[in-house]
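I have placed the structure first, in the form of structure tokens, so that the comments after it can refer back to it.
The values are calculated or read from the model by the stated rules, or taken from the named source; none is laboratory data. Predicted model, so just to flag it, every value in this text is computed and none were measured. Glycine gets a Cβ as well: all are built from the backbone with ideal geometry, and neighbour counts include every protein chain shown. All accessible areas refer to the heavy atoms of the entire protein, side chains included, with ligands and DNA or RNA removed. Shrake-Rupley method; radii C 1.70, N 1.55, O 1.52, S 1.80 Å.
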Amino acid sequence: QVQLVESGGGLVQPGGSLRLSCAASGITFSRYAMGWYRQAPGKERELVARISRHSSTDYADSVKGRFTISRDNAKNLVYLQMNSLKPEDTAVYYCNADFIMNRYWGQGTQVTVSS
């Protein structure tokens, strides 16, 4: 059974930081590209950051220079370090695992940026 479990979300003031974690089980983690997506109310889900099995990374333009994605293949974990948070970063953040025809999602974690 595949599970992706996100943690680390919460309420933070503008300019603050959060680190999201995603624990994966039931997959050969090192084979999967991992990603973080987000969905704000009334908007479509969008890619935030992605890290390949070889640890090359891609970021949405809106988060470049502020967010960093990383992975620990020994622990089956993927992280999203979010700095200089803005109110427009408020959304539910989802972890994604992707390998050929297999795609899995976590249940999401809420991030709210507000004063």
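Is there any pair with a first residue in the range 57-71 that is more than 13 Å from residue 37 (Cα to Cα) and a second that is of a type in the set (D, E, K, R) and open to solvent by 50 Å² or more (accessible area, probe 1.4 Å) whose Cβ atoms are under 8 Å apart and which are 6 or more apart or on different chains, and what are they?
Listed by first residue and then by second, the contacts come to 57/50.
Among the residues of the range 63-80 satisfying the criterion of being open to solvent by 60 Å² or more (accessible area, probe 1.4 Å) and out of contact with any helix residue (DSSP H, G or I) (no Cβ under 6 Å at 6 or more places or on another chain), which is nearest to residue 11 (Cα to Cα)?
68
List the residue pairs whose Cβ atoms are under 9 Å apart, where the first residue sits in the range 35-52 and is open to solvent by 10 Å² or more (accessible area, probe 1.4 Å) and at pLDDT 95 or above, the second is among the basic types (Lys, Arg) and not in a strand (DSSP E or B), and the two are 6 or more positions apart or on different chains.
The qualifying pairs are 37/45; 38/45; 39/45.
Is there a residue being touching a Cys at 6+ places or on another chain (Cβ under 7 Å) and within 14 Å of residue 6 (Cα to Cα) anywhere in the range 57-76?
Within the range 57-76, not a single residue is touching a Cys at 6+ places or on another chain (Cβ under 7 Å) and within 14 Å of residue 6 (Cα to Cα).
Of all residues in the range 81-96 being touching a Gly at 6+ places or on another chain (Cβ under 8 Å) and open to solvent by less than 20 Å² (accessible area, probe 1.4 Å), which is farthest from residue 18 (Cα to Cα)?
Among those residues, the one meeting the criterion is 96.
If you go through the range 1-17 one residue at a time, do you hit one that is at pLDDT below 95 and either open to solvent by 60 Å² or more (accessible area, probe 1.4 Å) or touching a Pro at 6+ places or on another chain (Cβ under 9 Å) (or both)?
yes
What about residue 96, is it under 19 Å from residue 30 (Cα atoms) and in contact (Cβ under 8 Å) with a residue 40 or more places away in the chain?
yes
Check off (1) under 23 Å from residue 33 (Cβ atoms); (2) assigned to a strand (DSSP E or B); (3) more than 11 Å from the chain's Cα centre (by Cα) for residue 112 and give me the number that stays unchecked.
Against the list (1) under 23 Å from residue 33 (Cβ atoms); (2) assigned to a strand (DSSP E or B); (3) more than 11 Å from the chain's Cα centre (by Cα), residue 112 comes up short only on (1).
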